[in-house]
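Novice: Right, I'll just put the structure down here and ask away after.
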Amino acid sequence: MIKKIEFGVEFMAPPFFNPSSEEVGHLDFDEIPITEKLKQEIKEWDEVYQNTYNDEYPPDSCFKSKKQKQWFYKRGRELFEKLKQELPNVKVYYYDMEYGNVVE
C-alpha cells in the first residue's frame, strides 16, 4: 500500500512519485486510487506542462503566456487539495513550482 506520494510535474514522466525506499519510483495513474474524474483533470493539467517542452533546446521550455503559467500554478494547487481529499490515508506532498518549495 502506498503511504506517501510526491505530486508534481516532470518532463516525460507521470506526475506521481513514490519516495518509499522499498518501492521508489514514478507511479502510473492506474496505481493511484483516485476517481476517474480527478485522474482526467490531472492528466489535462500535466499535458499543459508536457506541451511546453522544447525538443530542440530543453532549457528554452516555457509556457506560452504569463496567463497560462499563472493558471498552471493555481490549478496545480487545486489538484493537490483534491488529491489530499481523495487519499486521506496517504501523505501527499506537492512541489509548488511557483514558489520552489514542497507543500504538505
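Novice: Mind counting the residues in segment 15-28 that are farther than 15 Å from Val92 by Cα and either buried (at least 16 other Cβ atoms within 10 Å of the Cβ) or of a type in the set (Asp, Glu) (or both)?
Specialist: Residues that pass the stated criteria total 3.
Novice: Separate question: Considering only segment 39-61, state which residues are without any contact (Cβ under 8 Å) to a residue 24 or more places away in the chain and either surrounded by 16 or more Cβ atoms within 10 Å (Cβ to Cβ) or in contact with a helix residue (DSSP H, G or I) (Cβ under 8 Å, 6 or more places away or on another chain) (or both).
Specialist: Residues satisfying the conditions are Lys39, Lys43, Thr52, Asn54.
Novice: What is the residue count in segment 10-37 for residues that are in contact with a His (Cβ under 7 Å, 6 or more places away or on another chain) and either over 14 Å from Glu86 (Cβ atoms) or not in a strand (DSSP E or B) (or both)?
Specialist: Of all residues in segment 10-37, those in contact with a His (Cβ under 7 Å, 6 or more places away or on another chain) come to 13-14, 16-17.
Retained after the next criterion (residues that are either over 14 Å from Glu86 (Cβ atoms) or not in a strand (DSSP E or B) (or both)): 13-14, 17.
Number of matching residues: 3.
Novice: So, one more: Pick from segment 1-52 the residues that are touching a strand residue (DSSP E or B) at 6+ places or on another chain (Cβ under 8 Å) and among the polar types (S, T, N, Q): which of them is modelled with the lowest pLDDT?
Specialist: Within segment 1-52, the match that is modelled with the lowest pLDDT is Ser20.
Novice: Next question. Please verify whether Glu47 is closer than 14 Å to Phe7 by Cβ, among the acidic types (Asp, Glu) and assigned to a helix (DSSP H, G or I), treating the condition exactly as stated.
Specialist: In short, no.
The values are calculated or read from the model by the stated rules, or taken from the named source; none is laboratory data. From a predicted model like this one, the values you see are computed outputs, not experimental measurements. Cβ coordinates were reconstructed from backbone atoms using ideal geometry, including for glycine residues, and neighbour counts include every protein chain displayed.
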